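Here it is, the structure in full.
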Amino acid sequence: MVDRIYDLYNVLNDKNGTNNSSEALDAYKNLIEAIKQGPQEKKLALQFIAKFCKNFPAEMTKTIEAVIDLCEDEDITIRKLAIKEFPTLVRASNDTLQRVIGVLIQLLQANDTSEVTQVQNSIMTIYHINPKETISGILSEIQRSQEDLLRKRALRFLCSRIATLDETDLPKDIEEHLVKTCKDIALELDAEEFVTIIKLLSTLRSMQTLVARQELVNMIINQCHLEQGWNGVDTDRLSLVATFMGHAMSLLSKNVHSTKFVVFMLDYVIEHIDKLPLSSDDKLDLFRILAEMCPFCTEFDRPKERLAKLFNVLMTFLPEPPVESETGTNDVTPDFQFSFIECLMYGLHQLSRKYPDFLIAEENEERVKDFRLRLRYLYRGASSYTTQLKNALNGKVEGDEQDEQKKTRLIAYKICSNVQIMIRDLCRSPPSFKSNVILSWKPTEELKRSHSESDGGATTNKNGNGPNTSNVTTSANTANKRARPEKQLYRPPSGTQTGGQKNRRGGYQRY
């Protein structure tokens, strides 16, 4: 049969590869049929088909079908050869591009790494032939497919191979097309895919302007459906919104605002967090998100009502000073939850900059008086604990855990330092909000520098309960390990988007 294939080649070559004769057309059709033979025949026929396919556009559908058949062959060498020839078919007829891209995106689900690499290389070759249509084809397949693995790998391909191209290979008009197409499908994606699209868009050159970044934040706001509020018990929805808010954080600035997120947290969330069936770490994460959002919040409606909610929640974390009696004061040390206090106090400190009258309003006089008494009591506890930590940091620790202990103590030290700084501001008359605080969950290098410079301004750490050193350092250790993690996304229950299309040959949907 190999000799027969060479005879067919000679006929096509003698005719200059044209389809002007019935003899040449018959020879080409027989080449397509030869694809169904043994391994050697398949490889040889594929090579000759790739050479002459451009001259037989009427047979292009059969040609693609034949190559797809080889993509499902048991021999990985044959599959990779067939994948490699797809760009040749696109060069021969641009009408084949969308179908070819669809097939290649399906093939990204392959188990063999070298096969997936060949698929990616073929897609990139086609991209250089027609960038806009390639991008549209990839995103269309992501939108249409119900295969989780396919969607995930296709998005990863976009992020790693196309979005990272330089200006020569990803010029402005193509990048704008990528942005537009991503926006068109963004709201139809699940949570993880949506976050991937946001990450992709945020890396593009055209999306570095303030207007573009605000647009990305607005996309996240729309995806959160903040206007629907929250019922106070649905932890799945809250987890999803918190995840989106976390990814919006890197886009915020003094000109890209977080107001709608902050208002959502104040209106619907902070009063319910303590009652939720969540771990202490998860609750703290929610307070952290609010704290980090507050500096980028602009003015909002009903400020007294909303600030009162934040104030009241903070008060629940501030122990009352011990009452003196004839037998003396109560020496029991309260459980100062410094990490939670830092987040809430920071939020109040930041928002009060915009509404300084809140803490001096006549109707709040009694509450603020109690507030300041509790703050002074907290300040004494924080001072005592800070002294203990500072001595521990200056001392020598032997053993393999030396560095880890130092990091833990640094974070705990910064929590207390932050609280002290804000207390000093809030206890002034009238309250001052000028101090700048670096939240304690920032990188360790930043903490070390801050510790060496002063006792002030820093960060937070998980469950920093004090003033017992072991309590706070243990929780600080948790914070250090979990500092700004890549939060796992909430995955909704499987449904229509998690079921695969089963009518496929060789594991891939037939086009």
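Could you grab me the full set of residues in the range 75-114 that are crowded, with 19+ Cβ neighbours inside 10 Å and among the basic types (K, R)?
Across the range 75-114, the qualifying residues are R79, K80.
So, in the range 354-369, exactly how many residues are within 24 Å of E292 (Cα to Cα) and either among the hydrophobic types (A, V, I, L, M, F, W, C) or under 37 Å from the mean Cα position of the chain (by Cα) (or both)?
Number satisfying all stated conditions: 5.
Moving on to the next point. Restricting attention to helices (runs of 4 or more DSSP H) lying wholly within the range 132-244, give those where 1 or more residues are hydroxyl-bearing (S, T, Y).
Because the criterion is at least 1 residues that are hydroxyl-bearing (S, T, Y), the helices (runs of 4 or more DSSP H) in the range 132-244 that meet it are 172-186, 191-203.
Out of all the residues in the range 24-44, which are under 10 Å from M1 (Cβ atoms) and assigned to a helix (DSSP H, G or I)?
A34, Q40, E41, L44
Quick check on the range 250-258. Is at least one of its residues under 19 Å from T298 (Cβ atoms), in a helix (DSSP H, G or I), in contact with a Leu (Cβ under 6 Å, 6 or more places away or on another chain) and open to solvent by 30 Å² or more (accessible area, probe 1.4 Å)?
Taking every residue of the range 250-258 in turn, none turns out to be under 19 Å from T298 (Cβ atoms), in a helix (DSSP H, G or I), in contact with a Leu (Cβ under 6 Å, 6 or more places away or on another chain) and open to solvent by 30 Å² or more (accessible area, probe 1.4 Å).
Going through Q106, Q120 one at a time, which residue ends up being part of a helix (DSSP H, G or I) and touching a strand residue (DSSP E or B) at 6+ places or on another chain (Cβ under 7 Å)?
Unique residue meeting the criteria: Q106.
Tell me the residue from L393, L351, L344, L375 that is under 28 Å from I289 (Cα atoms) and over 33 Å from the mean Cα position of the chain (by Cα), please.
Going through L393, L351, L344, L375 in turn, the sole match is L375.
The values are calculated or read from the model by the stated rules, or taken from the named source; none is laboratory data. Being a predicted model, the structure only gives us computed values, none of them experimental. Glycine gets a Cβ as well: all are built from the backbone with ideal geometry, and neighbour counts include every protein chain shown. Only protein heavy atoms, including side chains, enter the accessible area calculation; ligands, DNA and RNA are left aside. Shrake-Rupley method; radii C 1.70, N 1.55, O 1.52, S 1.80 Å.
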